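Each remark here refers to the structure printed beneath this line.
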Amino acid sequence: MKTKPSYYITTPIYYVNAEPHLGHAYTSVMADVQARLRRAMGFDVLFLTGTDEHGEKVAKAAAEHNMTPQEWCDAQVPAFKTLLDLLNITNDDFIRTTQERHIQAVQKLWEVLKERGYLYKDTYDGWYCVPEETYFTETQVAHADEKRGQKGAHLCPDCGRPLERVQEESWFFKLSAFQEPLLKLYETNPHFIEPEIRRNEVVSFVKGGLKDLSVSRTSFDWGIPLPFAEKHITYVWFDALINYLTAAGFGSDSEEFAYRWPANAQLIGKDILRFHCVIWPAMLMAADIEVSDEVFVHGFLLMKDDKTGDETKMSKSLGNVITPQSVVDLIGVDGFRYFFMSNIKPGADGSISWDRMAQVYNTDLANSWGNLVSRTLNMSAKYFENKVPGPVAGWPDNSNPLKDIACGLVDRYTHALYTFAYDKALAEVFELIHAANHYIEEMEPWALAKSEETKPQLQEVILNLLEAIRIAALLLSPVMPQTSQEALQRFGQEGTESLVDKTLDEAVAWGNLLLEQPVVKGDALFPRLDINA
Ligand code: MSP
């Protein structure tokens, strides 16, 4: 019996034609923060990520390496799993589109769509971009070529690379039948596409009219065969989107599927907006399956040159690719997670640079947060025999500036995180951290420690500080799990993973601090970086 509410969150499944990169890492961390938060809030989470292994692009990459496509995929997948480990990602499932469970789910969906009359056979005659795995019509291509001043060049309207001319027998999906239903969906469920700028983009695209979509290929064979037409293999995007259903039990476990579906949040980058917000909901409607609650669309990471200030998309040919490992080497795993979640406005493009990463790490983590923890633990250890102080009259009920900020903080924080406003949620927590640092300066505990008379006041000040740290650490744990856990352990407090009979919002209530616990000072949580070195 499932007693908890389900929370199902997905990332895109990543192409295995190349190595995993910072863009993949960014989406995965974003999803992980939400998954960790929801678990701490009492949800039964299914967090799915994985790899997209079929299609012409992957088949070509395999051929270039003299491998079969399957061998190539098997060789590439470990790097994607290593990236998840590196960043402390807690995905519950890792789907590969070459798995039997997925092949079955795709074939099942084919049957359903055919039965419901949304498929027909015809010939596709048009353009195809292999790197983007996308079809383009003659008009779209001509228009884009002309706009670029390269009439007749036949370049991809999206990425500018040369297109392939494709003429083959194909099964078509009646996408055109969904123009009105889709517009109605966007209107009645405005949160289906977030943020608004992306919804507007999709609405105007759909208003422009939809063409039926070629969804099977016959000119190569690296894909899932149609159950009713063996020489046809499934168009890779059609195949890939279905992964979200497969992992929820579609076609294999109806009880699980009823519990898990619809997905609560699907995270994607803006380059794959139309697939997820037009084709995907249309496929679901055609199969009479509910659409997901929300597709959250993030922007691109842009690389800022520290010297010139120029912003460019990261690319191998420009030689400005930052590997996830190199960022972790500089600022640690939690530093990585914190930087990307606090400094990129969710939904917008974000520019990153080495200088900025080091600066944010030093200012927020080494100086403000890390320093608060080490100063307070030092004082607690020094003045209270290596312990959290014991009870003192008036605590925790007395009013003080930290309690005032902590009160209502969890609501502001969860509201921001639930809506993917991670930067705002973190800013809320940092307000408490800054106030606590300020409180130390103002209360001067070292002066209070000088006389027996002021000892109760010192005790109260340290309790307030430790309570603020406990609350901040709990709220920071979805973003910085390791260091938050470490901070909490150093003064004998429960971390989010050990919350047994409470959810996060209950745990952070002011006054839940465990008193008289042993205090261990430990090394700096975030050693300062020497930026000018
Ligand atoms: N395989 C498809 C997705 C299928 S989902 C049913 C795909 N794969 S991908 O590997 O090319 O991209 C996966 C995700 O990484 C996309 O959401 C994409 O936006 C994201 N990123 C790729 N480069 C990026 C940046 N430079 N910045 C941020 N994210 C970007 O598309």
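The values are calculated or read from the model by the stated rules, or taken from the named source; none is laboratory data. All values derive from a computational prediction rather than experimental measurement. A quick note on method: Cβ atoms are made from the backbone with ideal geometry, for glycine too, and the neighbour counts reach across all protein chains shown. Accessible surface areas use protein heavy atoms only, side chains included; no ligands, DNA or RNA. Shrake-Rupley method; radii C 1.70, N 1.55, O 1.52, S 1.80 Å.
If the condition is being away from the ligand (no atom under 12 Å from the Cβ) and either in contact with a Ser or Thr (Cβ under 6 Å, 6 or more places away or on another chain) or within 15 Å of ASP239 (Cα to Cα) (or both), then segment 272-286 contributes PRO281, ALA282, LEU284. Here segment 354-411 is the region considered, the condition is being of a type in the set (Val, Ile, Thr) and in a helix (DSSP H, G or I), and the residue that is surrounded by the most Cβ atoms within 10 Å (Cβ to Cβ) is VAL373. Applying a threshold of 6 Å to beta carbon distances and a minimum spacing of six or more residues, or different chains, the list of pairs starting in segment 72-88 at a residue that is at positive phi and ending at one that is among the aliphatic types (A, V, I, L, M) and assigned to a helix (DSSP H, G or I) reads ASN88/VAL333. Pairing each residue of segment 1-16 that is at pLDDT below 95 with any residue that is hydroxyl-bearing (Ser, Thr, Tyr) and more than 14 Å from the ligand (Cβ to nearest atom), provided the two are 6+ apart or on different chains, yields C-beta distances under 6 Å for LYS2/TYR259.
Quick check, is LEU185 in contact (Cβ under 8 Å) with a residue 12 or more places away in the chain and either small (Gly, Ala, Ser) or within 16 Å of the ligand (Cβ to nearest atom) (or both)? So LEU185 does not fit the description; no. For GLY251, the conditions (1) at pLDDT 95 or above; (2) within 16 Å of GLN107 (Cβ to Cβ); (3) not β-branched (Val, Ile, Thr) all hold with the exception of (1).
Scanning segment 121-138 for residues that are among the hydroxyl-bearing types (Ser, Thr, Tyr) and open to solvent by 50 Å² or more (accessible area, probe 1.4 Å) yields one hit, THR123. The set of residues in segment 433-466 being surrounded by 15 or more Cβ atoms within 10 Å (Cβ to Cβ) and acidic (Asp, Glu) consists of GLU460 alone. Report yes if VAL16 is touching a Cys at 6+ places or on another chain (Cβ under 9 Å), over 27 Å from VAL328 (Cβ atoms) and either within 11 Å of the ligand (Cβ to nearest atom) or small (Gly, Ala, Ser) (or both), otherwise no. For VAL16, the condition - touching a Cys at 6+ places or on another chain (Cβ under 9 Å), over 27 Å from VAL328 (Cβ atoms) and either within 11 Å of the ligand (Cβ to nearest atom) or small (Gly, Ala, Ser) (or both) - is not met.
State whether the residues of segment 81-93 include one that is within 15 Å of the ligand (Cβ to nearest atom), touching a strand residue (DSSP E or B) at 6+ places or on another chain (Cβ under 8 Å) and assigned to a helix (DSSP H, G or I). The answer is yes; a qualifying residue exists. Looking at the structure I just gave you, is PRO20 modelled with pLDDT of 95 or more and open to solvent by 20 Å² or more (accessible area, probe 1.4 Å)? Here the answer is no, as PRO20 does not meet what is asked. Out of GLU290, GLU230, one residue alone is closer than 28 Å to VAL33 by Cα and of a type outside the set (Ser, Thr, Tyr). It is GLU290.
Inspection of segment 34-43 finds no residue satisfying the criterion of being part of a strand (DSSP E or B), under 18 Å from the mean Cα position of the chain (by Cα), under 26 Å from THR496 (Cα atoms) and not charged (D, E, K, R).
Results for (1) near the ligand (Cβ under 10 Å from one of its atoms); (2) open to solvent by 30 Å² or more (accessible area, probe 1.4 Å); (3) acidic (Asp, Glu), shown as yes or no for each residue.
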site	(1), (2), (3)
ILE9	no, no, no
TYR26	yes, no, no
LEU37	no, no, no
MET41	no, yes, no
PHE47	no, no, no
GLU56	no, no, yes
ALA61	no, no, no
MET67	no, yes, no
CYS73	no, no, no
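Within segment 167-179, can one find any residue that is assigned to a loop (DSSP other than H, G, I, E, B) and either touching a residue at least 24 places away in the same chain (Cβ under 8 Å) or surrounded by fewer than 17 Cβ atoms within 10 Å (Cβ to Cβ) (or both)? Looking for residues that are assigned to a loop (DSSP other than H, G, I, E, B) and either touching a residue at least 24 places away in the same chain (Cβ under 8 Å) or surrounded by fewer than 17 Cβ atoms within 10 Å (Cβ to Cβ) (or both), one finds at least one in segment 167-179, hence yes. For segment 294-326, the tally of residues that are within 16 Å of the ligand (Cβ to nearest atom) and part of a loop (DSSP other than H, G, I, E, B) stands at 15. A single entry from VAL508, VAL519, VAL479 fulfils the requirement of being touching a strand residue (DSSP E or B) at 6+ places or on another chain (Cβ under 8 Å), of a type in the set (A, V, I, L, M, F, W, C), on the phi < 0 side of the Ramachandran plot and surrounded by 19 or more Cβ atoms within 10 Å (Cβ to Cβ): VAL519. Output the residue which, of all residues in segment 255-271 that are part of a helix (DSSP H, G or I) and surrounded by fewer than 19 Cβ atoms within 10 Å (Cβ to Cβ), is farthest from the ligand (Cβ to nearest atom). It comes out as GLU255. Among the candidates VAL202, VAL278, VAL291, VAL206, the residue that is of a type in the set (Val, Ile, Thr), open to solvent by 10 Å² or more (accessible area, probe 1.4 Å) and outside any strand (DSSP E or B) is uniquely VAL291. For segment 262-313, filtering for residues that are under 25 Å from SER342 (Cα atoms) and over 19 Å from the mean Cα position of the chain (by Cα) leaves 11.
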